[in-house]
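Engineer: One structure, pasted below without further comment.
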Amino acid sequence: MRILHTSDWHLGKSLSGHLLDKDQRFALQQIRDHLRDEAYDLVVIAGDVFDRTTPSDDAVQMLGGWLGEVRAHRPTLPIVIIAGNHDNGPRLAWTSSLLDLQQVYLRGSTESIDSPIRIRGQSGVEAQVWAVPYLLPGAMHEASPSQMAAMQAAIALIAAKQDRSMAQILVAHCFVANGLTSDSERTFVGTATQLDPDEFAGFDYVALGHLHRPQSVAANARYSGSIARYSFSEAGHSKAMLDVTVTPGAPHVCVSRPLATLRPMKRITATLEALRDDPAYAPDLDAYVELTLEPPVDRGNPLDTLRKRWRHILSFRNELVGAGLALARGQNSGDGGPRDLAADFVEFDRQFTMTDAPNEAVMAAFQDLLTKLPEEEKA
């Protein structure tokens, strides 16, 4: 059975205020064209279809349009979509009773976890597909609520209904131990959130979503990764969709199908003069860039200067030491706690406003708030 595995579309996402809809459409067109040109038995989208629980009209239309385009070329191709932690599960799956009839299976709640989707491939191989959306602690009424315990409870329910004469495919959105993360995932690293990959022993293939770097986390389990780069920590990542062949009782075979990105993403550290004038940077001028000045500049407005040359500055770092940053650098801080909070605030303000640093009035207001925090909340 041949499966196309993708996940983490995050439709509607923006980066530093820049909407990434064109980047996402560019990726979706590649997936659509690949499905038009190649014969698959199943498509799985393993969660985080949208970036927000209340997606924009454009994001919803992007998904609907893509499904319609795929259906035009592949009218009987089964498509399984689960909710991730960025999605609203019930809202994503509200049309499931209707779309099931069209072999588009939307799963966003715990009610259908132990109800398999039965698929018959072109070669005659049959499969039970188990769809487990992102589970919050307590979702499965486990005795000691945690994400790990919820997934264990879900897998136990599934195990009781598995037909071992068929291929066993699990689609899930969770954090598996030893997975490599990036800044754009909402991942809380702790033993209660990480699932041991040994829990997947009863499946021929586990199609995972949640982590944005394509990776294998067990002999039978893979993350496809996101369809585009969603943070500068992903600047070096390649993006892909996974072409997986599953045979009951045998190791799966996976071929990574690269997804081109609309434009590169770069992290560049250099002097203001080099960033402004050096012709060596000409190939990067149309990339999404995070620019860091080294050494910092304390005169004029270097960001305005650089915007005249660089088309897509989405992050700018000019590590000045000035009135607004004194607290962030550790001054006026006796126990170290307020210094860390201030540094976080300065970084947030820089990313949000695309300025070098908060102005003195904003920083003074923040410092005033710090003085009102109980001591234990500053640590």
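Engineer: Which of the residues belonging to the range 17-75 are among the β-branched types (V, I, T) and either more than 22 Å from S224 (Cα to Cα) or out of contact with any Ser or Thr (no Cβ under 8 Å at 6 or more places or on another chain) (or both)? Explain how you work it out, then say what you get.
Structural biologist: Going residue by residue through the range 17-75, those that are among the β-branched types (V, I, T) are 31, 43-45, 49, 53-54, 60, 70.
Residues satisfying the conditions are V49, T53, T54, V60, V70.
Engineer: To continue, here is another question. So, in the range 116-139, exactly how many residues are surrounded by fewer than 19 Cβ atoms within 10 Å (Cβ to Cβ) and either within 26 Å of the chain's Cα centre (by Cα) or under 18 Å from G47 (Cβ atoms) (or both)?
Structural biologist: 3
Engineer: Hey, could you check the range 140-163 for residues that are free of Cβ contacts under 8 Å to residues at least 24 places away in the same chain and outside any helix (DSSP H, G or I) and say which is surrounded by the most Cβ atoms within 10 Å (Cβ to Cβ)?
Structural biologist: So the residue we want is E142.
Engineer: I'm trying to understand the selection: among the residues of the range 97-139, which are assigned to a loop (DSSP other than H, G, I, E, B) and among the small types (G, A, S)?
Structural biologist: The first filter runs over the range 97-139 and keeps only residues assigned to a loop (DSSP other than H, G, I, E, B), leaving 103, 108-109, 113-116, 121-125, 133-139.
If the condition is that a residue be assigned to a loop (DSSP other than H, G, I, E, B) and among the small types (G, A, S), then G108, S109, S115, G121, S123, G124, G138, A139 are the ones that fit.
Engineer: Restricting to the range 234-249, give me the number of residues that are small (G, A, S) and under 19 Å from D204 (Cα atoms). Walk me through it before giving the result.
Structural biologist: Residues of the range 234-249 that are small (G, A, S), as a first pass: 235-236, 238, 240, 249.
Remaining after also requiring under 19 Å from D204 (Cα atoms): 249.
Qualifying residue count, the range 234-249: 1.
Engineer: Can you name every residue in the range 1-42 that is surrounded by fewer than 22 Cβ atoms within 10 Å (Cβ to Cβ) and part of a strand (DSSP E or B)?
Structural biologist: Of everything in the range 1-42, those that are surrounded by fewer than 22 Cβ atoms within 10 Å (Cβ to Cβ) and part of a strand (DSSP E or B) turn out to be R2, S14, L15, H18, L19.
Engineer: Okay, moving on. Would you pick out the residues in the range 280-299 that are of a type in the set (A, V, I, L, M) and either farther than 13 Å from E319 by Cα or under 32 Å from the mean Cα position of the chain (by Cα) (or both)? Spell out how you get there, then give the answer.
Structural biologist: Initially, the range 280-299 is screened for residues of a type in the set (A, V, I, L, M), giving 280, 282, 285, 287, 289, 291, 293, 297.
Hits for the range 280-299 are A280, A282, L285, A287, V289, L291, L293.
Engineer: Okay, moving on. Give me the residue from the range 101-113 that is within 26 Å of the chain's Cα centre (by Cα) and more than 19 Å from L4 (Cβ to Cβ) and, out of that set, surrounded by the most Cβ atoms within 10 Å (Cβ to Cβ).
Structural biologist: Restricting attention to the range 101-113, the residues satisfying the condition of being within 26 Å of the chain's Cα centre (by Cα) are 103-113.
Okay, now just the ones that are also more than 19 Å from L4 (Cβ to Cβ), so 108-113.
Numbers: G108: 24, S109: 14, T110: 19, E111: 10, S112: 19, I113: 21.
Restricting to residues being within 26 Å of the chain's Cα centre (by Cα) and more than 19 Å from L4 (Cβ to Cβ), the top hit is G108.
Engineer: Which numbered condition trips up L314, out of (1) at pLDDT 95 or above; (2) of a type outside the set (S, T, N, Q); (3) under 21 Å from F366 (Cβ atoms)?
Structural biologist: So L314 meets the others, but not (3).
The values are calculated or read from the model by the stated rules, or taken from the named source; none is laboratory data. Worth saying up front: this structure is predicted, and the values here are computed from it rather than measured. Note: ideal-geometry Cβ built from the backbone for every residue, glycine included; neighbour counts use all protein chains shown.
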